[in-house]
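First the structure, in the form of structure tokens, and then the observations on it.
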Protein chains: 4
Amino acid sequence: MAVVLAGHQYGKAENRVVRFQRDTPRHEIVDLNVTSTLRGDFADAYLTGDQSKVLPTDSQKNTIYAFAKEGPAGQGMAKGIVAVESYALDLARHFIEETGPVTGARIDVDSYRWERATVSGREHDHTWVRAGGEVRTAAVTVAGDGPDRETHVVAGLKDLTLLKSTGSEFKDFLVDGYTTLEPTQDRVMATSLVAQWRYDATCLADGFDFDAAYDAVRAVLVGQFATVHSLALQQTLWHMGKAAVESVPGVIEVRLAAPNKHHFLYDLQRFGVENAGEVFHADDRPYGLIQAVVADDTAPAAPLAWER
Amino acid sequence: MAVVLAGHQYGKAENRVVRFQRDTPRHEIVDLNVTSTLRGDFADAYLTGDQSKVLPTDSQKNTIYAFAKEGPAGQGMAKGIVAVESYALDLARHFIEETGPVTGARIDVDSYRWERATVSGREHDHTWVRAGGEVRTAAVTVAGDGPDRETHVVAGLKDLTLLKSTGSEFKDFLVDGYTTLEPTQDRVMATSLVAQWRYDATCLADGFDFDAAYDAVRAVLVGQFATVHSLALQQTLWHMGKAAVESVPGVIEVRLAAPNKHHFLYDLQRFGVENAGEVFHADDRPYGLIQAVVADDTAPAAPLAWER
Amino acid sequence: MAVVLAGHQYGKAENRVVRFQRDTPRHEIVDLNVTSTLRGDFADAYLTGDQSKVLPTDSQKNTIYAFAKEGPAGQGMAKGIVAVESYALDLARHFIEETGPVTGARIDVDSYRWERATVSGREHDHTWVRAGGEVRTAAVTVAGDGPDRETHVVAGLKDLTLLKSTGSEFKDFLVDGYTTLEPTQDRVMATSLVAQWRYDATCLADGFDFDAAYDAVRAVLVGQFATVHSLALQQTLWHMGKAAVESVPGVIEVRLAAPNKHHFLYDLQRFGVENAGEVFHADDRPYGLIQAVVADDTAPAAPLAWER
Amino acid sequence: MAVVLAGHQYGKAENRVVRFQRDTPRHEIVDLNVTSTLRGDFADAYLTGDQSKVLPTDSQKNTIYAFAKEGPAGQGMAKGIVAVESYALDLARHFIEETGPVTGARIDVDSYRWERATVSGREHDHTWVRAGGEVRTAAVTVAGDGPDRETHVVAGLKDLTLLKSTGSEFKDFLVDGYTTLEPTQDRVMATSLVAQWRYDATCLADGFDFDAAYDAVRAVLVGQFATVHSLALQQTLWHMGKAAVESVPGVIEVRLAAPNKHHFLYDLQRFGVENAGEVFHADDRPYGLIQAVVADDTAPAAPLAWER
């Protein structure tokens, strides 16, 4: 047998970029956590310690910050605050096109939300309050060259915590010798959703509005969670994913991972207090974890888009 | 010498209570993290292991959940979702009045914010999205009996992250042999604020609107952060505290702790890119930590209100 | 087009199982965080809400705790504290063999280390101190039936933080227009290692000592990190993986992910203090992230072993 | 009424200092998280924005890193790796003596443990593995000048997780209308201890061995936890504190905070499996929180030592 280097990649993780637009008295803010991952001809760095084909992760960091101001040829954020997907595309293409040994690049971005401070009922020009709640994500992958080039844009969100106080059942499930769960016709359903969705090639054209598409998918996910009468979290996820693919142009695949954050009805009858679905203990662990992939069946699969 | 038990207290920490109001199709949610701390005649539990005066922390937990439904004599949350301060007052008084050995009780509450899900432009009746951002806090202390009883209500917030992109200087500071900082006339100022404020005795009367007072203080804190032209975070804190005491009836003392979350201008000139206060690195550690106590000088000090 | 359910799985995450062996006065402890993931014929649960093929995650939880005492036919932990890999194999096989709709199961285990308390120089029989440091991991996957059955055991560790104060260089790297890093012949190298290694089929036979194999791999990883004069973290990872495959029987593939935890020499010359590689600032973010897969090239690839 | 600045302090938090001793081939490592807090004549910085008496937190950071190499007059760490308490004393005295407006200083230090890597059975000269487990802490306070100067050293530890599988009861407790807990004669007792202890003035003399005292106190705490047959966590804490004061010279006051990390016996009887104190669920929240202060009654109280 021989021992071989069967895979490798490297990059700079968690660059905390904050970008302001200050051209007018009304400033804008973009607050990002950016990670670069490069793939290519780096085996010698591992096998012999020869670094001559390795672009330092420090250089990747510099590039990430520089592109936050100004992308290639005066594009990118130089023209104003563009969508994070476009910024990530610029970065990925730069690394693959300008660095000889690089044959693939992935850019991951977390985007934190800020809301303008309200002062005397009016939005302030240059002060914000961090919004908390969900984090917007983007993962852009570019690989290969010429006609073989693959380009994938996966948008998403994480930490979107949703809860409904009724409209959720769980019953008629499989029972085995370890089953003690009672069926229920009315429970609290809560999750902290991670959703990612892949755009088709038409979205790579100039002018596609990634921000509007994000808002549309988020609205669909929240709307389905609220309005589907749920027979299980599985069923709710299916309807969330299906509605996103059907109703938001460009979305061809949705991946959902949803912890079932259990809320247990607290037994107050022991103290003579009625508890008709009113007081719950929100438990930490363990939790159910339900996952689903929903796709347009005419869209070609793209495993590379999901490879971390 | 003799070794003595010089102090002691105990309780149940981090009870994750979720309370719904379901009397009408439009439900309400209150999501709390509640901690009880009891003080009193418990020395024997330590010195000899005699537990006969110790109310189990498990019983405290049961009480916390039961009072989320129904407080003493049909008051409390039984009448609907009341302010967390009132709920904490009911709990503290219960422990001190109903449990013989208990001579003092402190109830700490963290309250998490939820916003109604929006579906087709309308607020949903029984689905919410967790809001993130700041957490509302309350700390109620009751001690002693009869005319000597002390009762204190301290409200607050934490994790209120604020940022302004201009309107902040730091210059003309003390310089010693270890000083290398350059003065600046225009910097990013950001903090993740912890604020606590003490109410006077008039707020203990029935009908005081703790929720409105909270909103008023929060608005003042955000407003001052935004509008004061800052010569230092110290100065900003002073104006935040001062405005809260002056403008919100019942508030007599404000304690503020503010990390100075440093944003460093990224040097892009090395790559021929101008950076006029537009691209920053948000650093994690170390950070400045600035603290202030602002008070109405006619209000008596109340160290017990702040004792954890 | 049609929208289809292209993938799905579900399970119970983060069951915090603590198992004692109390047959003699000298007790033993095993402290685990266990996650089950089931794959199979569950599409109806998503598409129509029909739960009749869904074993509740609550039942999975019960099974996980029950098997911590007693596996199938008096095996498993009933015979004493066995390796976590064997416990996970028992669980995975149980779900696939005893639950009709289940065609695949994955069991993930984190194992926390405890050391016996030392009292008057001797190990105590029933008291432990949690050791901290690295967490041992195991991921067992079983899929299919009869001759087509695949069984994979991946062991590992995470949070193994290693640091060397010399014996590490980084120079002669690729330079582009964004490169400002200075080459160095002597730097601090530190990482918080995540390592996972796959065992071959011979390790599935009764009597394979997973605990000894774990200790052997850990020792090799630490030893290579210490003794390889490093030209880059990439080169160090290669030698760590290579030595594990070459020297530990049964190990056929190693996957390594290593953050480069940067330590920056603090500039003390400004204050007239010499700093010859003695005082550093340990930075949080960003960090380099270097990854490698090292394998025996005669071993068949097993993508299923790594699928989460 | 007038609104006044009733209190204030400021400093630089969480400086991540790593210090190596490299004088011989066998290197040494000290890994610290250092926070400075200054008190003094800073009211103008708040009230009018006048910073002329404010030493920037950036200068404090520089001082913290410089003193890690070389303290005043060739003392401190310049002579080798000294105890963190001595390093903190040097820093506190420096700020109060060299900076006019400073009248008090507090230095908090967390110290992370590393163990030498073992290679072929021998300790390696310049490679370490981070030990995890408890963090050693120190809090030094210096205030005032001349004969009125107060100097306090409080050492401690946090995250020391201890567990015993037998030798712990809880019964004969107070029962009220909300009590449902069953008494137990044999339970699992576990905690994640925070302990702090104050040294008397004799320990400030040159040559006091803070490292040996730390080891002695830690050994006493672990030993008492293990060997006291516990009637309650309260009783265990008392014996831990008492033994520390009685047996470690210089220790005059111990403060203990101990979460009661609940382990619930898992009901396996439902599946026909016996569970004689062998399989538990380790719960996250809520948890009991027990606190105690144990002191030598001839030692003067020192509230300033504990003020954060």
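The values are calculated or read from the model by the stated rules, or taken from the named source; none is laboratory data. All of these numbers come straight from a predicted model, not from anything done at the bench. All Cβ positions, even for glycine, are placed from backbone atoms using ideal geometry, and neighbour counts span all protein chains on display. What goes into the accessible areas is simple: the full protein's heavy atoms, side chains included, and nothing from ligands, DNA or RNA. Shrake-Rupley method; radii C 1.70, N 1.55, O 1.52, S 1.80 Å.
Just the number, please: Stokes-Einstein D of chain C in µm²/s, Kirkwood Rh from C-alpha pairs, 10 °C, 1.306 mPa s. Write down the numbers at each step before the final one.
Numbers: Rh = 22.3 Å.
Reported coefficient: 71 µm²/s.
Just to confirm the number: angle between the C-alpha axis of helix B:57-69 and the first principal axis of chain B, 0 to 90 degrees, nearest 10?
For B:57-69 against chain B, the angle is about 80 degrees.
Could you compute the net charge surrounding residue C:158? Neighbours are other residues with a C-beta less than 9 Å from the C-beta of residue C:158; K and R count +1, D and E count -1.
On the way: positive: C:136; negative: C:110, C:134, C:159.
With Lys, Arg at +1 and Asp, Glu at -1, the net is -2.
Cα centroids of the range D:105-158 and the range D:218-260: how far apart, whole angstrom?
21 Å
With the other protein chains left in place, how much accessible area per residue, in square angstrom, belongs to chain C at a 1.4 angstrom probe? List each step's numbers first, then the result.
On the way: 11350 Å² over 308 residues.
Value for chain C: 37 Å² per residue.
In Å², nearest 100, what accessible area do chains C and A bury in total when the solvent probe is 1.4 Å? Please report the intermediate quantities before stating the final value.
Working: alone 17180 and 17190 Å², together 28170 Å².
Answer for the C-A pair: about 6200 Å² buried.
Using just the Cα positions, wrap the range B:221-308 in a convex hull and report its mean projected area in square nanometres, one decimal place. Please report the intermediate quantities before stating the final value.
Numbers: hull surface 32.4 nm².
Taking a quarter of the hull surface, the average projection is 8.1 nm².
Relative contact order for the range B:8-148 using alpha-carbon pairs under 8 Å, separation at least 6, rounded to a whole percent? Please list the in-between numbers first.
Values: 261 pairs, mean separation 34.6, N = 141.
Here the relative contact order equals 25 percent.
Tell me the net charge near residue D:288. Cut-off is 10 Å between Cβ atoms, residue D:288 excluded, with +1 for each Lys or Arg and -1 for each Asp or Glu.
Numbers: positive: B:12, B:61, D:261; negative: B:58.
Counting the neighbours of residue D:288, the net charge comes to +2.
Averaging sequence separations of C-alpha pairs under 8 Å and six or more residues apart, then dividing by the length of the range A:155-308, give the relative contact order as a whole percent. Could you put the intermediate results ahead of the total?
Values: 252 pairs, mean separation 37.2, N = 154.
With pairs under 8 Å counted, the relative contact order is 24 percent.
What does the charge count near residue C:62 come to, summing +1 for each Lys or Arg and -1 for each Asp or Glu among other residues with Cβ under 12 Å from its Cβ?
Numbers: positive: C:12, C:61, C:69, D:270; negative: A:176, C:58, D:267.
Here the count lands on +1.
Hey, what's the Cα Rg ratio for the protein assembly as shown versus the globular rule of thumb, 2.2 N^0.38 Å?
Working: Rg = 30.5 Å, N = 1232, 2.2 N^0.38 = 32.9 Å.
Taking N as the residue count of the protein assembly as shown, the ratio is 0.93.
So, in Å, what gap is there between the alpha-carbon centers of the range B:7-69 and the range B:293-308?
First find each Cα centre; the distance between them is then 26 Å.
Using Cα atoms only, what is the angle between the long axis of helix C:210-227 and the major principal axis of chain C, expressed in degrees (0 to 90) to the nearest 10?
Between helix and principal axis, roughly 10 degrees.
Can you list the equivalent-ellipsoid semi-axes of the range B:8-148, largest first and in whole Å, using the square root of 5 times each Cα gyration tensor eigenvalue? Kindly include the intermediate steps, with their values, before the conclusion.
Details: eigenvalues 233, 44, 31 Å².
Each semi-axis is the square root of five times an eigenvalue, giving 34, 15, 12 Å.
Got the residue D:47 label distances to the other copies yet, label 7 Å along Cα→Cβ, in nm, shortest first?
The projected label point of residue D:47 is separated from its counterparts by 4.8, 7.3, 7.7 nm.
With all protein chains present and a 1.4 Å probe, how do A:211, B:90, C:31 order by accessible area, largest first? Working shown, then result.
Numbers: A:211 65, B:90 25, C:31 5 Å².
Descending accessible area places them as A:211, B:90, C:31.
Based solely on its DSSP helices, what 222 nm [θ] is calculated for chain A when runs of n ≥ 4 H residues each add -39,500 (n - 2.57) and the sum is averaged over all residues, nearest 500 deg cm²/dmol? Walk me through the numbers on the way to the answer.
Values: 6 runs with 70 residues, N = 308.
The per-residue figure over chain A is -7000 deg cm²/dmol.
Carbon and sulfur: what percent of chain D's accessible surface (1.4 Å probe)? Working shown, then result.
Values: 5420 of 11360 Å².
Carbon and sulfur together cover 48 percent of it.
Shielding of C:292-302 by partners, i.e. mean partner chain Cβ atoms within 10 Å per residue? Display every interim value, and only then the final one.
Numbers: counts 10, 6, 7, 7, 5, 5, 4, 2, 0, 1, 0.
Average neighbour count from other chains, rounded to a whole number: 4.
For the range B:163-287, compute Rh as the Kirkwood radius over C-alpha pairs and then the Stokes-Einstein diffusion coefficient at 20 °C and 1.002 mPa s; write the answer in µm²/s, rounded to an integer. Each step should come with its number before you reach the end.
Numbers: Rh = 16.8 Å.
D = 128 µm²/s.
Taking the alpha-carbon distance from residue B:171 and a cut-off under 28 Å, which lysines remain once sequence neighbours fewer than 8 residues away in the same chain are dropped?
A:69, B:242, B:261, D:12, D:53, D:61
Give the relative contact order (percent, whole number) for chain D; include only Cα pairs under 8 Å separated by 6+ residues.
Working: 580 pairs, mean separation 37.1, N = 308.
Normalised by residue count, the contact order of chain D is 12 percent.
Explain nothing, just the number: dipole magnitude of the range A:225-308 about its Cα centre with +1 on each Lys and Arg Cβ and -1 on each Asp and Glu Cβ, in debye rounded to the nearest 20.
Result for the range A:225-308 is approximately 140 debye, rounded to the nearest 20.
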